[in-house]
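Contents: one structure, followed by commentary.
The values are calculated or read from the model by the stated rules, or taken from the named source; none is laboratory data. Quick caveat: nothing in here was measured; it's all calculated off a predicted structure. Cβ sites come from the backbone with ideal geometry, for glycine too, and all protein chains shown count toward neighbours.
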Amino acid sequence: MFYLPRLFVNHAMVEDEVTAARLALMERKLYRFMTILAVPALGLGLWLWLGYGIGGAWLHAKLALVVSLLGYHWHCGRLVKVFAEGRNARGHVFYRWFNEFPVLVLTAVVILVVVKPF
């Protein structure tokens, strides 16, 4: 989740075809690996949720953040296809900011789990 957008930054900056093809291959393999690992993570999260239930608004907020990360993952998959087809229309600065989103969400999730503010 953290490294794939960094590959997008590098891919957006590259100018030669060989490096672009190598980055596209790395992006595709990493995205596939992330998806495979997301399945058991979601399954275990669902198992915990069914076992302990939802107890508090902080958990609803955390689940909303997790759902936003699922959307982010899906969007990364679309970007992998865009880069593989050579159709990227955005510069590396966009992807540098795009790279910060999961860090901010992870920080918010940790704060919600530790502090349980509401």
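Per the listing VAL82, VAL103, VAL39, the residue uniquely in contact (Cβ under 8 Å) with a residue 12 or more places away in the chain and of a type in the set (Val, Ile, Thr) is VAL103. Residues that are of a type in the set (D, E, K, R), at pLDDT 95 or above and not in a helix (DSSP H, G or I) within the stretch 91-118 comprise just one, GLU100.
Any chance the stretch 14-22 includes a residue that's closer than 20 Å to ARG96 by Cα, in contact with a helix residue (DSSP H, G or I) (Cβ under 8 Å, 6 or more places away or on another chain), touching a residue at least 60 places away in the same chain (Cβ under 8 Å) and not charged (D, E, K, R)? Yes, some residue in the stretch 14-22 is closer than 20 Å to ARG96 by Cα, in contact with a helix residue (DSSP H, G or I) (Cβ under 8 Å, 6 or more places away or on another chain), touching a residue at least 60 places away in the same chain (Cβ under 8 Å) and not charged (D, E, K, R). So is PHE101 surrounded by 15 or more Cβ atoms within 10 Å (Cβ to Cβ) and in contact with a Ser or Thr (Cβ under 9 Å, 6 or more places away or on another chain) or not? Yes. Which one of the conditions (1) in contact (Cβ under 8 Å) with a residue 24 or more places away in the chain; (2) in a helix (DSSP H, G or I); (3) under 20 Å from HIS92 (Cα atoms) does PHE2 fail to meet, given that it meets all the rest? Looking at each condition in turn, PHE2 falls short on (2). If you go through the stretch 9-36, how many residues are over 17 Å from the mean Cα position of the chain (by Cα), β-branched (Val, Ile, Thr), surrounded by 12 or more Cβ atoms within 10 Å (Cβ to Cβ) and part of a helix (DSSP H, G or I)? Looking only at that region, the number is 1. Here the stretch 38-79 is the region considered, the condition is being within 15 Å of PHE101 (Cα to Cα) and of a type in the set (Gly, Ala, Ser), and the residue that is surrounded by the fewest Cβ atoms within 10 Å (Cβ to Cβ) is GLY71.
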